[in-house]
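The values are calculated or read from the model by the stated rules, or taken from the named source; none is laboratory data. Worth saying up front: this structure is predicted, and the values here are computed from it rather than measured. Neighbour counts run over all protein chains shown; Cβ positions are idealised from the backbone, glycine included.
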Amino acid sequence: MHAFLDAPLLNTGICLVDTAGVDSLNPEVGARTVAFLPEVSLGLFMIHTSPTLTESERQFLDRVWHKGQNLIFVQNRWGQDDDVVEEARLDNLDKLRRVARAHGDQSEPELIIVDVATAATAAVDGDESGCHSSGLTALSAAIHRRVAGGAARAHLVTNGGSLHRTLLAAERAATGRLAELQNHERETDAEFDERLGRAAAEVESAEAAWTAAKATFTAARDQVIQDFESQLRQALGEARTRLLRHAEHGGMNPSSLSAALQAEIDESCRGPIAALERAWRQHVAELVTAAASVQATLPNLGGGPLPELSGWQTLGTVGAGVKGFGTFAIGVAGFAAAGAAIGALIAGEGTAAAVAAAGAAVPGIGWVVAVGALVIGAAAAASARSAIRREMVAAIGTTLKQAENRLLEHVRGVISAQASTILVELRCETEGAIAEARGLTEDIRADRQRSASDREALRASLNRHHAAVAQATATVQTVLEESQ
């Protein structure tokens, strides 16, 4: 490849890679990007100003957020007005926060606005002012801050947890094999075979228990969603009955419809959401307990105790994991905007008034949510005053159905994302511990067959290996502590 544009940032040792897009209809395209992510020190995730973060992009972020990826989000500006860009920025940040909170991540996403067309021209012309005004200077500074000061260190911070576990496992394996070499002279072959046989059986039993625990958790995840759907539909059905009764008997007017819808949706969601949180927290805690139990049953062959679960060890951490349910408030608030728009349309105030009403109900996202409401209320706006009651009845049914569909979609997304995150974390630790125990058992059995001279050479090699791994483990631990 020949590059004819001077790029000072690349002189610091940074290598830029343009990955395949995640919006492709071909699933293999996104899969290639996901497979490549563990190799990067920093990811630049491009987002549009219009439309803002799409559903496919959100689903992609849900899939990769648990990897702890080091990400900067870049909002691409193509000549839009400042007000449009700012509204899109707030909406993009809101969506990114929801993805983060669904994974128990309380950090603030870094979002930088860049006018790509202006930036490209300014970079070619050497226009420093243009680079600054386009956002390119801010983006370059962020990249340099996050990576150029030490790409290897940034990569280590991103993937350090996994590396640290791997080094600890290697250290335990070396310790275990050294301990077994010391035991060689004190144990007969028959005693050794019996002990190793028991250890191998314990490993197989632990693996079977973990497989069963994962299956139980997956079934519980599906059941939690089904229970929530049933409870929500029942609650919203009862709300619909109450609202229709009031509307049909003259107990409601267009101006009170929005408030009544909001109150009924709030009340209908409260119980099912609380039940969902309790059940989901319990199932997550049960999986954590099962994983800890599996690790506790693994044989200890002289390598020292296995580490405690780091990712989801306590119920407090599990509680942080379900904080994503707080974003239901945003979804419900959206229906306040929709309800306000419907009320304005039914009252014959016109489209502009409906949009204004939606924006006043929920600033920032009101107009987006109101689009659906405009469709619902278009007929109502054109209706004669004598048909208002009929249009209110239609608006009630449609709005409640929209609320049901959107909340169910949100629940499925949140639960699925959290289940994936939890399983990945526990699978890494638990299945890693099982593989470690199995490998150590096999290595110890092979070591037993060595000659006396080979065992002495192995002992010296293991001592050197143990010292090197211990030093590497300490280095990684220091970097991770400094990054906190």
Any hit, segment 222-242, residues being part of a helix (DSSP H, G or I), more than 24 Å from Ile415 (Cα to Cα) and in contact with an Asp or Glu (Cβ under 6 Å, 6 or more places away or on another chain): yes
Residue in segment 207-215 that is of a type outside the set (A, V, I, L, M, F, W, C) and exposed (fewer than 15 other Cβ atoms within 10 Å of the Cβ) present: yes
Residue pairs meeting the criteria (Cβ under 6 Å; at least 6 apart or on separate chains; first at pLDDT 80 or above, in segment 177-205; second not in a helix (DSSP H, G or I)): Ala199/Pro299; Glu202/Pro299
